[in-house]
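Bear in mind that the values in this text are calculations on the coordinates, not laboratory data. All figures in this text were calculated on a predicted structure; none of them were measured in a lab. A quick note on method: Cβ atoms are made from the backbone with ideal geometry, for glycine too, and the neighbour counts reach across all protein chains shown.
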Amino acid sequence: MEISSDFGPLFHYQYRIILIGDSTVGKSSILRYFTEGRCAEASDPTVGVDFYARVVELNPQLRIKLQLWDTAGQEKFKSITRSYYRNSVGVIIVYDITNRKSFEHAAEWLSEAEHNVGGPSPSNNVFMLVGHKADLEKQREVLFEEGEYFAKYHKLKFIETSARNGDNVNELFYMVAREINAKLQNGQLMLQDGWDGIKSGSVRTQSIALSDYDPEYEQSGSSCAC
């Protein structure tokens, strides 16, 4: 199905963002909630890389398409994951607040991402730390303050989320989008030929596939348990 885009730009920019972290921390569940408004109760772990997308409005004059890449956390898929870092402007590192090892591995994920991201100024790419499954307070193994301290030490944004009840899921992606946009506006980030981290949007084309516009029609990958 196609719709007319004669009423203005479909989106002004596209930001490419990758989610990384150990297997079963809930990366897919966060993405499914954000793009579909629901959480999968149970499913198989992601194999390789899956793709999601959603257009968000940062203000009435600015629409951003978030191209979101969900990666497998298993060691055997890391070589595949590394190939996706280069074209990502945003990196979201996810750990499970009920799994201390997943938090301890966050430093390794961050280091790997920092060494593999690309773009005209990779040191200015946006990194964010997410403590997921915040609804499981009684099973918590990582204090909020620990995640907050780690993020401050490494100069990351930090938030805790729950894909089961939706807490902070939308805010997570709006925070990343606003941070990327701020750096784009002040010149810390910029468009570059051959780099897909930030791309100009689709403006006043005659028609566009509805799958590029409405999150309900976006192709999504498999989802992990919340």
**Request:** Mind listing the long-range amide H neighbours of residue 201? Cut-off is under 5 Å, sequence gap 5 or more, other chains count too, H placed in the peptide plane at 1.01 Å from N.
**Result:** 13, 14
**Prompt:** What ranking do 29, 121 get, fewest neighbouring Cβ atoms within 10 angstrom at the top?
**Reply:** 121, 29
**Message:** Can you tell me the length gained on complete extension of the stretch residue 170 to residue 146, counting 0.36 nm per residue apart and subtracting the Cα distance?
**Reply:** 6.4 nm
**Prompt:** Looking at this model, which pairs from 101/133; 27/138; 152/183; 133/199 are more than 23 angstrom apart at the alpha-carbon?
**Reply:** 133/199
**Message:** Suppose we take every Cα in the stretch 136-185 and form the convex hull; what volume per residue is that in Å³?
**Reply:** 69
